[in-house]
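Worksheet: the structure to be examined is printed underneath.
The values are calculated or read from the model by the stated rules, or taken from the named source; none is laboratory data. Keep in mind the model is a prediction, meaning the values are calculated, not measured. All Cβ positions, even for glycine, are placed from backbone atoms using ideal geometry, and neighbour counts span all protein chains on display. Note: areas computed on protein heavy atoms with side chains; ligands, DNA, RNA excluded. Shrake-Rupley method; radii C 1.70, N 1.55, O 1.52, S 1.80 Å.
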Amino acid sequence: MLRRFAVIIAVLIILWQLVVWLTQAPAFILPPPYDVGQALVRHFDEIMFHASVTMVEIVLGLLLGCTIGALSAWAILRFRHVRNWFLPVLVASQALPVFAIAPVLMLWLGFGMGSKIAMATLIIYFPVTAALYDGLRNTDSGWINLARIMGASNHTALKYIRLPAALPSLGSGLRIAAAIAPIGAVVGEWVGSSTGLGYLMLHANARTQVDLMFAALLVLAAFAVFLYFGIDYLVKRTVFWQSETNLETT
Amino acid sequence: MTSVALKLSLSYGNECIFEDFSLELESGKLVCLLGKSGSGKSTLLHFIAGLLPSDVARGSVVTDDEIPLGGRIAWMAQQDLLLPWLKIIDNINLGSLLRGNRTKQDRDQAQQLLKDVELEGVENRYPHELSGGMRQRVALARTLAEQRPVNLLDEPFSGLDASTRYQLQGLASRLLANRTTLLVTHDPLEALRMADQIFVLDGRPAQVASPVTPPGDPPRQLADSRMGESYTQLMHQLNHPEVNQHAA
C-alpha cells in the first residue's frame, strides 16, 4: 500500500515536470515541482497553521454531518410523518448548490470557523442520510420475519439487525462524505475568511506566489487522501464480515 | 405439547389460494406438507407464523389449549438467516437477545445445542467462517434454542448438497423428535425420511389428499425396501392432482 503510494506520487511528479519542460510554461503559470517543494519548506509553519484550521473544520463538519445525518435517517425510518413531509424537502434542498448558500452562511454565522463547519456539514449531510436510510430500509425480509417471530421490540430489532445490516451502506456514504467534506470547507474559506488553506491559496494567488498556492493545494490533497483511506480502513474493520468482491475474477 | 388444528381461507390479490382448507398437526409429531413450487405451501407456513398481513389472509389457527400461537413458534427457513456480525453463540441465542432477556442459562444451553448439532468449539467464530452445512446446523440449533411448542420449517435443507442434506435430515429428525413440527418441502425423499405424516398439497384452491404414513420411525433409511410403496403413493399424488380432488 505504502509502496504503491510512493510510486503513484513519483509518477505524478515526473509527469508534472515533463509538462513543465514540454510546454515551457512560465513559473507563474505552472511552477516546477522543485519550486513548489521549496515553497513548502520555506512557508512550512504558515501552511501548517492554515492547514490545521481547515482540518479542524473538515473533521468537525464530518462529525456533525454524520451525527445529524444518522439521526435524520433514523427519524425518517421510524416516523411516517417525518418520511412523508421531510423527505421531499430533503431531496428538494439538494437542488440548491452549497456554493450558492455560502454567502448566506457567512452572513449568519460570521467570518470565522462556524460558517465553514456548517458548509462541510451541509455538503455531507445528504449522502450520509440517504445512504443510511437506504441501508436501514432494505433489511433482508427473512431477518425481519425471524425477528418478528422471536418477539423482538423495535429497539432490539434496530440494535441487533437493522443497524448492523445498514453499516455497509452507511460505509459507502461515509466514503463519499470524506471525499467531499474538504470541498465544503474550502469553498467556505474562499467566500470569506482570514485563515485556512482556501484563504491561503486565494491570498497567494493574488500576490502571484503561485508556488505557495501549489504547496497549499498539495497539502490539502494529501489530507483529503489520508482522510479517505482512514475512513475506508475504519469502515472495512467495522464491516469485517463483508469480504471484498474479487475484482480480478470478474 | 400442543396440537394445532388450522382452518383457513386465503386469497392473494384476486386469486384464491386456500378455500376452507383444514389441516391438523398432531402433538409431538412431524407433519410434512409436500408440494411443487407455487403450490402455496410456503404461503401457508407464513400464515401460520402470522407473517401475512390480515387483509390478504383470513383464517383461524386453533390450538388444543386455546392459547393463540403468536409467540409460541420457532422458524427455520431455507436461508440460514444467521447474522454475520454476531458470533455463533449469539446467533443461537438471538431470540433471547431480541427479547432482551439473555441469561447465563441461555449461553449454557447454546453450548449444549452446539454439541447436539455436532459443532463443538465454534461458539466464538463468525458465520462467514463456516460452510453452508455448518451454518444450517447453527440455524437448527437456534430454532431448537427457542424451545417453542410448534416448529415451522420452510424447506430448511433445499440449499445444501445431497450428502450434507442427508446428514442434516437425520440430525434434525432426531433433535425434533416429540416436538410438534410442520415441515414444508418439495422433496419427496426428504418427506419420507423425516415425516410422521405426509400431506401432498395441490390444486387451486389448494387441497390435500389423505395423508401418507410411511412405515417405521424417522429418520428412516431411504434404502429400506418398505419405502418403495410410500414413494410410489407420493409420486402418484404429486403427478395426478385430479386424484387429490376426489380424495379431498
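Using a cut-off of 12 Å between beta-carbons, work out the net charge of the residues near A:Leu77 (Lys and Arg +1, Asp and Glu -1, A:Leu77 not included).
+4
Relative contact order for region A:50-240: 29 percent, from Cα pairs under 8 Å spaced at least 6 residues apart, divided by residue count. Relative contact order, whole percent, for region B:84-147 stands at 49, derived from Cα pairs under 8 Å and 6 or more residues apart. Relative to its Kirkwood radius, the Cα radius of gyration of region B:84-147 gives an Rg/Rh of 0.92. Taking B:Gly70, B:Gly95, B:Gly35 in turn, the Gaussian network model of chain B (Cα-Cα springs below 10 Å) assigns the largest fluctuation to B:Gly70. For the protein assembly as shown, count all C-alpha to C-alpha pairs, find those more than 36 Å apart, and express that count as a whole percent of the total. Value for the protein assembly as shown (Cα pairs over 36 Å): 51 percent.
Per residue of B:71-81, other chain Cβ atoms within 10 Å of the residue Cβ number 3 on average. Could you state the number of Å between the C-alpha centres of region B:190-245 and region A:1-68? One Cα centre to the other: 74 Å. PRE reach from B:Ser11 (point 7 Å along Cα→Cβ): which of region B:22-40 fall under 19 Å by backbone N? So the set is B:22, B:40.
Inter-chain Cβ neighbour count for B:85-96, averaged per residue, equals 3 (cutoff 10 Å, partner chain atoms only). Taking B:Leu25, B:Leu83, B:Leu69 in turn, the Gaussian network model of chain B (Cα-Cα springs below 10 Å) assigns the largest fluctuation to B:Leu83.
Remark: relative contact order (chain B) = 27 percent; criterion is Cα-Cα distance under 8 angstrom and separation of 6 or more residues.
Here A:His155 sits with roughly 130 square angstrom of accessible surface, probe radius 1.4 Å. Which of these, A:Ile58, A:Ile176, A:Ile101, has the largest mean-square fluctuation under a Gaussian network model of chain A (Cα springs below 10 Å)? So, out of A:Ile58, A:Ile176, A:Ile101, the one fluctuating most is A:Ile101. Solvent-accessible area of B:Glu15, all protein chains in place: 90 Å² (probe radius 1.4 Å, heavy atoms, ligands and nucleic acids excluded). Summary of packing: across the peptides B:187-197, A:158-168, B:159-169, A:1-11, the per-residue average of other C-beta atoms within 10 Å ranks them, highest first, as B:187-197, A:158-168, B:159-169, A:1-11. When all protein chains stay in place and ligands, DNA and RNA are ignored, the 1.4 Å accessible-area order of A:Trp21, B:Trp75, largest first, is A:Trp21, B:Trp75. Label positions at B:Ser158 and A:Val91, each projected 7 Å from the Cα along the C-beta direction, are separated by 3.5 nm. For B:Ser42, the solvent-accessible surface computed with a 1.4 Å probe is close to 40 Å², ligands and nucleic acids excluded. Within 10 Å of the Cβ of each residue in A:149-162, the mean number of Cβ atoms contributed by other protein chains is 5.
The long axis of helix B:104-116 is offset from the longest Cα principal axis of chain B by roughly 60 degrees.
So, R0 is 41 Å and r is the distance between the beta-carbons of B:Ile67 and B:Ser225; what FRET efficiency does that work out to, to 0.05? Approximately 0.40, to the nearest 0.05.
Chain A: D in µm²/s via Stokes-Einstein (Kirkwood Rh, Cα pairs, 4 °C, 1.567 mPa s)? Calculated translational D: 63 µm²/s. Find out how many positive minus negative residues lie around B:Arg99, taking Lys and Arg as positive, Asp and Glu as negative, among other residues whose Cβ is under 11 Å from that of B:Arg99. Once all neighbours under 11 Å are counted, the net charge is -1. Ordered from highest to lowest accessible area with the whole protein assembly present and a 1.4 Å probe, A:Ser194, B:Ser173 read as A:Ser194, B:Ser173. The local environment of B:Gly70, defined by Cβ-Cβ distances under 14 Å, has a net charge of +1 under the rule Lys, Arg +1 and Asp, Glu -1. Taken over the alpha carbons of chain B as equal point scatterers, the Debye sum produces base-10 log I(q)/I(0) values at 0.10, 0.15 Å⁻¹ of -0.49, -1.08.
In chain B, helical runs assigned H by DSSP with n ≥ 4 each contribute -39500 (n - 2.57); averaged across all residues and rounded to the nearest 500, the mean residue ellipticity at 222 nm is -10000 deg cm²/dmol.
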